[in-house]
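Here the structure is laid out as structure tokens; the discussion comes afterwards.
Rule-based calculations on the coordinates, nothing more; no lab input. Since the model is a prediction, treat every value here as computed from it, not as a measurement. When we count neighbours, we look across all protein chains shown, and the Cβ atoms used for this are built from the backbone with ideal geometry, even at glycine.
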Amino acid sequence: MRHLRLAIAIAAAAVLLTATAADAAAGLTIVSSPNPAGSDFNELDGAIATAPTNAWAVGFTRASTALAFAPFAERWNGSAWRIWPPRR
Amino acid sequence: MADLATAPVTADDNRLHAVTMISANDGWAVGESNVFTSTGAVTSGLIEHWNGTAWTKATSPSGEPTGARLLAVSAVSTSDVWAVGAEHWDGTAWTLVPSPTITTNNAQDSLTGGVALSSTDVWAVGQTLANFSTITTLALHWNGTNWQIVSSANRSTTVNVFNAVTGSAPGEPLWAVGQGGNANTLIETTTG
């Protein structure tokens, strides 16, 4: 019975903590995001996440030897962001 | 052959920047209207609604600040839609919702992306000019009651911007993307 009460108290505390966390959103932290090889300008302008293990970001890049920008995308596979399609 | 839907406007120069669809007959597009005057262009927000057949111009909220541009739109439901920066559709009317004042310099803040994951979990991202010297990332969160600044990181000592934000659902990874210095992509994450 004592264990049950303790378990209920812990569960209630967890609910309270969760509610607090949802109210004050956690800060954003940097994750590793690749730049296309040989580039000197990169920008991501759009993003869409369809699932925890699938998200896309799109933008444009400029090769250090070029004047014009080229489009590129990177994809989150659940563990890392990678340029897509991958270089062969 | 696709229909070419004409979006109605009255100002001199009109631009739509973003669109979202809740269903086939309920969509919103947002942007800006510019009226040319002898002293220059006067910019205000532009909101249009798709009813499945046509686009009609919606009434923008009263009290909208001069120079307002709407750069993103996201919907929780047919009666809970957000336009960034910080205008809300409750199913009946668009209203302004106050966003926090940034103390370092609130003259050059801008919000460029937004996503509404639920009625109590909405995000807006952009940039601010910190201490009049460094452009830094800016993230705001709506908790159902008010907008609050959420801490975010910077990769460059000069220019850091968020251009878009996305998340698949509340409680799942939230992603803000942009640029950290000219040469580098920037992606940051938290839990939506």
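Values for this structure:
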quantity: Average partner coverage of A:70-78, which counts Cβ from other chains inside 10 Å; calculated: 1
quantity: Sum of side-chain charges, B:Val30 neighbourhood, beta-carbon under 15 Å (Lys, Arg +1; Asp, Glu -1); calculated: -2
quantity: Averaged over B:167-178, number of beta-carbon atoms from partner chains that fall within 10 Å; calculated: 6
quantity: Average other protein chain Cβ within 10 Å of Cβ, residues B:154-164; calculated: 2
quantity: Rg(Cα)/(2.2 N^0.38 Å) for chain B, N = residue count; calculated: 1.05
quantity: Sorted by Cβ density within 10 Å, fewest first, the residues B:Val122, B:Val150; calculated: B:Val150, B:Val122
quantity: Gyration tensor verdict on segment B:121-192 (Cα atoms; rounded if a/c is under 1.5, prolate if a/b is larger than b/c, oblate otherwise); calculated: oblate
